[in-house]
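Following: one structure in structure tokens, then a few remarks.
The values are calculated or read from the model by the stated rules, or taken from the named source; none is laboratory data. Quantities reported herein were computed from a predicted structural model and do not represent experimental measurements. Cβ atoms come from the backbone with ideal geometry, glycine included; neighbour counts cover every protein chain shown. Ligands, DNA and RNA are excluded from the accessible area calculation, which covers all protein heavy atoms including side chains. Shrake-Rupley method; radii C 1.70, N 1.55, O 1.52, S 1.80 Å.
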Amino acid sequence: MRHARHLARSGSSPPDGARAADTNLSLTEFLYRLLADEVERRDGKQLDVRLRRAAFERPSTLEDFDFSFNTSVPRAKVLELGTCTFVERHENVLVVGPAGVGKSHLAQALGQRACRAGHAVLYVSAHDMLTQLRASRADNSYERRLLRFTTPALLIIDDLGLRPLTGEEGVDLYEIIRRRYERAATCITSNRALEEWPPLFGDALLASAAMDRLLHHSHVLTIEGDSYRNPPLAKRTRAPRAAHADTAAR
């Protein structure tokens, strides 16, 4: 394969037949391998672009996640989600639990899998997303900014509910949920239990409409257990591995 790349780049290379003979391949096999190599190169380049545009905080993967640290993590369900069929079906993934149990790691790991499956992904904290939308109202770029959060095949909103929503933020969050409903997949992580989400919207009707759409076609992962960052003494022998798995778990 390396020889094929070298020959393909060389400006003074011999005819195809001679090159195929040099590699002991038939001309058809040689051309097939050359084209396969080019496809692989282009696929790798496109994956790099998708990963960069996703704006992940770190290269978290499912392979790096320590499922043995907190046994409440539904491993079989997470691995099923890792096939990314939920993205193709425009379903939601809601990951809830206390700080430090690995919610952000799992969400970004699913995002990595989605990128590798060829999907456009965007990772953003709830605070940053709502701040951007609030600022866009001031310069009349709201619709354009909203498209940033409504067009990706998978939108990952991290840390919803760390602070109360203010002003028009409840409306903005509802609008994103409404526009993505049954058109694209959304993954949300939160330290708050699902029953604590409706008050965030500041309006009962708005909350009902938003939660109805979020919970329809959804996968809910509820994680309990110890923090990876501050493990109890009995688990500290595994702390280095856990820390590598999720240095910023939420």
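Peptide packing: for 108-121, 46-59, the average count of neighbouring Cβ atoms within 10 Å per residue gives the ranking 108-121, 46-59, highest mean first. Shown for the stretch 84-162: the carbon plus sulfur share of the solvent-accessible area, taken with all protein chains present and a 1.4 angstrom probe, equals 49%. Taking amide hydrogens as placed 1.01 Å from N in the peptide plane, the amide H of residue 93 sits under 5 Å from those of 186, 187, 188, 219, each at least 5 positions away in sequence or on another chain.
Among 95, 108, 167, whose Cα lies farthest out toward the positive end of the dipole of the stretch 27-173, if unit charges sit on the beta carbon of Lys, Arg (+1) and Asp, Glu (-1)? Sorting the options by dipole projection puts first 167.
Mean separation of Cα pairs under 8 Å and 6 or more residues apart, divided by the residue count, gives the stretch 96-165 a relative contact order of 40 percent. Dipole of the stretch 70-182 computed with +1 at Lys/Arg Cβ and -1 at Asp/Glu Cβ about the Cα centre; of 155, 127, 86, farthest Cα towards the positive end is 86. When each of the peptides 140-147, 122-129 is scored by how many other beta carbons lie within 10 Å of its residues on average, the order from highest to lowest is 122-129, 140-147.
Using a ≥ b ≥ c from the Cα gyration tensor of the stretch 83-195 (square roots of the eigenvalues), is it rounded, prolate or oblate, where a/c under 1.5 gives rounded and otherwise the larger of a/b and b/c decides, a/b for prolate? Oblate. For the stretch 50-135, the spherically averaged projection of the C-alpha convex hull amounts to 6.3 nm². Once you have a ≥ b ≥ c as the square roots of the Cα gyration tensor eigenvalues for the stretch 132-173, tell me rounded if a/c is under 1.5, and otherwise prolate or oblate according to whether a/b is larger than b/c. Because a/c hits 1.5 or more and a/b fails to exceed b/c, the stretch 132-173 counts as oblate. Phi-derived couplings, Karplus 6.51 cos²θ - 1.76 cosθ + 1.60 at θ = phi - 60°, listed residue by residue for the stretch 102-109: x, 4, 5, 4, 4, 4, 5, 5 Hz, with x used for Gly and Pro.
In sequence order, the stretch 45-53 has phi-based couplings of 5, 5, 5, 4, 5, 4, 5, 5, 5 Hz under the Karplus curve 6.51 cos²θ - 1.76 cosθ + 1.60, θ = phi - 60°, and Gly or Pro positions carry x.
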